[in-house]
Amino acid sequence: MGQLDRQVALVTGGGSGIGRAVALALAAEGANVSICGRRREPLEATLALIEANGGTGIAIPADVSDDGQVEGLVDETSDALGPIDILVNNAAIGGGGAIHEHSVEVWDHVLDVNLRGPFLLARAVLPGMRGRKRGHLVNISSESGLEYYAGVGAYGVGKHALNALSEYIQRENQDFGIRVDTICPGMVVTEMTEDSAGLDHAKCLFPEDIADLVLWLVTRRPNIKIGRPILIQTMLNPWE
Ligand code: NAD
């Protein structure tokens, strides 16, 4: 018996990095996992790993910033696996520079994926969760959503706003048995960061560290409330 048997989880950005580790961790505890991302191949690779471990899931290429594709993603997931119990809003892109250096296109694109995406996903799953009086949202934010690092521009603004979005959703839905958690990781070795010059990977977090936390959050006793975004960092500065 897994801790998440018969539950359905949707993980965005599940083809790589943190999303892949989260999808594998949830599936290993018995959840049926729907993974979405832009590219089919990495999604299929994650699904193959899930199935090799005895789990079940579905891979659906979709752009989280497109409302029609998000509705299709949620409908296809529900039709194939059942109503969604757990949503992990993980997909995001980097992007930045100093604010005055952003093109309008970069600004819009980063906020479309990193903020509009989680909004669209939440909007699509919340009515069903409210009706069933159960559900769990986990939003993957960033340390950049708590601090103000000069030069990460739209990315940092989007993550601060994602923290606020999580809080609004929590307050509006806690009487419906729905929980919302926000995780703010420090540096994690993934595609997003592996080429960062001067970064000591041995001092970074690994995707599995974030997956462990997500798993604890979605399986914890119902009476435990986490009041603020969770900052998860390493003890050693990975830039030194
Ligand atoms: P990653 O690049 O491996 O994963 C991002 C995923 O999002 C990819 O699978 C990509 O296909 C998907 N994606 C991008 N745009 C999309 C779109 N429009 N529609 C659907 N999917 C899309 O990077 P990661 O480090 O695993 O990032 C996962 C999350 O963790 C992100 O929210 C990121 O901001 C956050 N985070 C990462 C770090 C880090 O150091 N790596 C630190 C803090 C927070």
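Could you list, in sequence order, the residues of the range 193-209 that are of a type in the set (A, V, I, L, M) and crowded, with 16+ Cβ neighbours inside 10 Å? Outline the logic, then answer.
Of all residues in the range 193-209, those of a type in the set (A, V, I, L, M) come to 197, 199, 202, 205.
If the condition is that a residue be of a type in the set (A, V, I, L, M) and crowded, with 16+ Cβ neighbours inside 10 Å, then Leu205 is the only one that fits.
Considering only residues that are within 10 Å of the ligand (Cβ to nearest atom) and of a type in the set (Lys, Arg), look in the range 1-39 and name the one that is farthest from Ile86 (Cα to Cα). Quick ask: steps written out before the conclusion?
Going residue by residue through the range 1-39, those that are within 10 Å of the ligand (Cβ to nearest atom) are 11-22, 35-39.
Filter again for of a type in the set (Lys, Arg), leaving 20, 38-39.
On the way: Arg20: 15, Arg38: 20, Arg39: 22 Å.
Filtering first and then ranking leaves Arg39.
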Of all residues making up the range 182-206, the number that are under 15 Å from the mean Cα position of the chain (by Cα), within 6 Å of the ligand (Cβ to nearest atom) and within 30 Å of Arg171 (Cα to Cα): 2
Pairs, please: C-beta under 6 Å, at least 6 apart or cross-chain, first residue within 20 Å of Ser16 (Cα to Cα) and at pLDDT 85 or above and in the range 181-202, second near the ligand (Cβ under 6 Å from one of its atoms) and assigned to a strand (DSSP E or B)? Ile183/Ile140
Which of the residues spanning the range 40-70 are among the acidic types (Asp, Glu) and within 14 Å of the ligand (Cβ to nearest atom)? Glu41, Glu44, Asp63, Asp66, Asp67
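Specify which of the listed residues (Arg179, Arg130) is among the basic types (Lys, Arg), buried (at least 19 other Cβ atoms within 10 Å of the Cβ) and out of contact with any Cys (no Cβ under 8 Å at 6 or more places or on another chain). Walk me through it before giving the result.
Numbers: Arg130 fails: buried (at least 19 other Cβ atoms within 10 Å of the Cβ).
Exactly one of Arg179, Arg130 is among the basic types (Lys, Arg), buried (at least 19 other Cβ atoms within 10 Å of the Cβ) and out of contact with any Cys (no Cβ under 8 Å at 6 or more places or on another chain), namely Arg179.
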Unique residue being more than 18 Å from the chain's Cα centre (by Cα) and under 27 Å from Arg130 (Cα atoms) when the list is Gln3, Gln7, Gln69: Gln3
Just give me the residues in the range 174-209 being among the hydrophobic types (A, V, I, L, M, F, W, C), assigned to a helix (DSSP H, G or I) and within 28 Å of His136 (Cα to Cα), in sequence order. Phe176
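Any chance the range 111-123 includes a residue that's over 18 Å from Arg228 (Cβ atoms) and more than 17 Å from the chain's Cα centre (by Cα)?
Within the range 111-123, the first condition is being over 18 Å from Arg228 (Cβ atoms), and the residues that meet it are 111-117, 119-123.
The next check asks that each one be more than 17 Å from the chain's Cα centre (by Cα); those that pass are none.
Taking every residue of the range 111-123 in turn, none turns out to be over 18 Å from Arg228 (Cβ atoms) and more than 17 Å from the chain's Cα centre (by Cα).
Which residue out of Leu165, Leu217 is farther than 25 Å from Gly96 by Cβ, among the hydrophobic types (A, V, I, L, M, F, W, C), away from the ligand (no atom under 12 Å from the Cβ) and touching a strand residue (DSSP E or B) at 6+ places or on another chain (Cβ under 9 Å)?
Values: Leu165 fails: farther than 25 Å from Gly96 by Cβ.
Going through Leu165, Leu217 in turn, the sole match is Leu217.
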Would you check which residues across the range 93-136 are assigned to a loop (DSSP other than H, G, I, E, B) and either in contact with a Phe, Trp or Tyr (Cβ under 8 Å, 6 or more places away or on another chain) or not small (Gly, Ala, Ser) (or both) and list them? Ile93, Gly94, Gly95, Gly96, His102, Lys133, Arg134
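If you check Arg228, Arg179, which single one turns out to be farther than 30 Å from Ala98 by Cβ and either within 16 Å of the chain's Cα centre (by Cα) or not aromatic (Phe, Trp, Tyr) (or both)?
Working: Arg228 fails: farther than 30 Å from Ala98 by Cβ.
Going through Arg228, Arg179 in turn, just one is farther than 30 Å from Ala98 by Cβ and either within 16 Å of the chain's Cα centre (by Cα) or not aromatic (Phe, Trp, Tyr) (or both): Arg179.
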Under 7 Å by Cβ, and 6 or more places apart or on different chains, what pairs join a residue from the range 51-75 that is farther than 17 Å from Arg40 by Cα with one that is modelled with pLDDT under 95 and in a loop (DSSP other than H, G, I, E, B)? none
Considering residues of the range 96-121 that are surrounded by 21 or more Cβ atoms within 10 Å (Cβ to Cβ) and among the small types (Gly, Ala, Ser) only, the residue nearest to the ligand (Cβ to nearest atom): Gly117
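The values are calculated or read from the model by the stated rules, or taken from the named source; none is laboratory data. Keep in mind it's a predicted model, so treat the numbers as computed, not measured. Using ideal geometry, Cβ is built from the backbone for each residue, glycine included, and neighbour counts are taken over all protein chains shown.
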